[in-house]
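One structure below.
The values are calculated or read from the model by the stated rules, or taken from the named source; none is laboratory data. Owing to the predicted nature of the structure, the values given are computational and were not obtained by experimental measurement. Positions of Cβ are backbone-derived with ideal geometry, glycine not excepted, and every protein chain shown enters the neighbour counts. What goes into the accessible areas is simple: the full protein's heavy atoms, side chains included, and nothing from ligands, DNA or RNA. Shrake-Rupley method; radii C 1.70, N 1.55, O 1.52, S 1.80 Å.
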Amino acid sequence: MTFELQHTDSASDARTGIITTDHGQIKTPIFMPVGTCGSVKGVHFEELRQQVKAQIILGNTYHLYLRPGLDTIKKAGGLHRFNTWDRPILTDSGGFQVFSLTGIRKLREEGCEFRSHIDGSKHIFTPENVMDTERIIGADIMMAFDECPPGQSDYQYAKDSLALTQRWLDRCIKRFNETEPLYGHHQALFPIVQGCTYKDLRREAAKFVADKGAEGNAIGGLAVGEPTEVMYEMIEVVNEILPKDRPRYLMGVGTPQNILEAIERGVDMFDCVMPTRNGRNAMLFTYHGTMNMRNKKWEQDFSPIDPEGCDIDRLHTKAYLHHLFKAQELLALQIASIHNLAFYLRLVSDAREHIENGDFVVWKKKVIEDLERRL
């Protein structure tokens, strides 16, 4: 995997680049739709390609490990062949899911023991077997196994948690270097910077990760309950240290406003379930503000869902989408999910264009003011 830095904004740390993988190129900044179980909820891959214009999607190690299971994925020839997505894929390590299983998991030096949310069966994730699992899934980018501590953790817990994550990272790198890809394409391993909201821990974590010389790096443990201004401050602290010639991935973030603020601070890659989850709950993001499609005001609004959006946005009216939600038709969830994902991809593409044109900061300020509206 390679990363070519193309443009840097003169008024901020925003930048554009190209990540090249064996499954194609990714123009950054980029948003990655979340495909938890090997699919993006409610959206066909053809729609992801043509309407959303997704360049890379995520798979979730925890969920794919449990269902369909590693034996099926390996026999299929990896996730790309199993789900027929022929562009890049990134897999998280499953750490966030495991650690969110409060009450049904036990954390220790070896790894994390947990019970399946499906049938209660007992499992353990270790740095070593997570690397093996991600090799079997076969994503172009693999994430290291870490602990994602609660956002409001006290200092001692955060310090101990970071130390464990760093020991686990060394074990991940060792196992990664001892193994080979299974399906003939290159896989990159991204370490994750943790440290909660403590500047000294974030600096320590960023230095530890930067020294590993990985092909890309991630920032984890944010957007988990801390104030947004604190999140932005942590991004600045970390990005002062992470190498500029490698892609930086902010995990699990966030709103369109969050994404633009993070781009301004030098982040290249994003993922979040918000566009599809909010879409399934009738909330649409637009450049003019957010729309709740269940509201009666749309009942006889026969204008396009978004005249500036994708083909599906221009084909269907607000009144029709309102009707689908009121009638609880599955098509409502599909149209709203496609719209929101297409908007997120358009947002980062437009950000890229304005970085190249040299007016990103001015454009971002105006866009954020508009995004705050409720229509």
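A few points about this structure:
- Among residues of segment 357-369, those that are assigned to a helix (DSSP H, G or I) and either surrounded by 13 or more Cβ atoms within 10 Å (Cβ to Cβ) or of a type in the set (Gly, Ala, Ser) (or both), counted: 6
- Single residue of Phe99, Phe114 found to be among the hydrophobic types (A, V, I, L, M, F, W, C), open to solvent by less than 30 Å² (accessible area, probe 1.4 Å) and in contact with a Lys or Arg (Cβ under 6 Å, 6 or more places away or on another chain): Phe114
- Every pair of residues 6+ apart whose Cβ atoms lie under 6 Å, when the first sits in segment 102-131 and is assigned to a helix (DSSP H, G or I) while the second is open to solvent by 70 Å² or more (accessible area, probe 1.4 Å): Glu128/Arg175; Met131/Arg175
- Inter-residue pairs, beta-carbon under 7 Å, first within 19 Å of Phe145 (Cβ to Cβ) and in segment 60-88, second aromatic (Phe, Trp, Tyr) and outside any loop (DSSP other than H, G, I, E, B), 6+ apart: Ile73/Phe82
- Residue ID - surrounded by the most Cβ atoms within 10 Å (Cβ to Cβ), chosen from residues in segment 132-151 that are more than 17 Å from the chain's Cα centre (by Cα) and in a helix (DSSP H, G or I): Ile137
- Total residues in segment 50-64, condition open to solvent by less than 30 Å² (accessible area, probe 1.4 Å) and over 13 Å from the mean Cα position of the chain (by Cα): 4
- Top-ranked residue of segment 207-230 - restricted to ones that are buried (at least 24 other Cβ atoms within 10 Å of the Cβ), more than 20 Å from Ile26 (Cα to Cα) and among the aliphatic types (A, V, I, L, M), ranked as nearest to the chain's Cα centre (by Cα): Leu222
- Counted as qualifying within segment 236-316 are the strands (runs of 3 or more DSSP E) with 1 or more residues that are more than 19 Å from the chain's Cα centre (by Cα), polar (S, T, N, Q) and buried (at least 20 other Cβ atoms within 10 Å of the Cβ), namely 283-286.
- If the condition is being open to solvent by 20 Å² or more (accessible area, probe 1.4 Å) and either closer than 16 Å to Asn239 by Cα or part of a strand (DSSP E or B) (or both), then segment 1-10 contributes Thr2, Phe3, Glu4, Leu5, Gln6, His7, Thr8.
- The set of residues from segment 152-178 being within 23 Å of Ile19 (Cα to Cα) and either part of a loop (DSSP other than H, G, I, E, B) or more than 24 Å from the chain's Cα centre (by Cα) (or both) comprises just one member, Asn177.
- Selection count, segment 317-356, where residues are within 26 Å of Asp268 (Cβ to Cβ) and open to solvent by less than 60 Å² (accessible area, probe 1.4 Å): 17
- Segment 35-49: number of residues that are over 16 Å from the mean Cα position of the chain (by Cα), open to solvent by 60 Å² or more (accessible area, probe 1.4 Å) and touching a residue at least 24 places away in the same chain (Cβ under 8 Å): 0
- Number of the condition not met by Thr61 [criteria: (1) modelled with pLDDT of 95 or more; (2) out of contact with any helix residue (DSSP H, G or I) (no Cβ under 8 Å at 6 or more places or on another chain); (3) closer than 19 Å to Lys41 by Cβ; (4) not aliphatic (A, V, I, L, M)]: (2)
- Against the criterion of being in contact with a strand residue (DSSP E or B) (Cβ under 7 Å, 6 or more places away or on another chain) and over 16 Å from Val273 (Cα atoms), Lys53 does not qualify.
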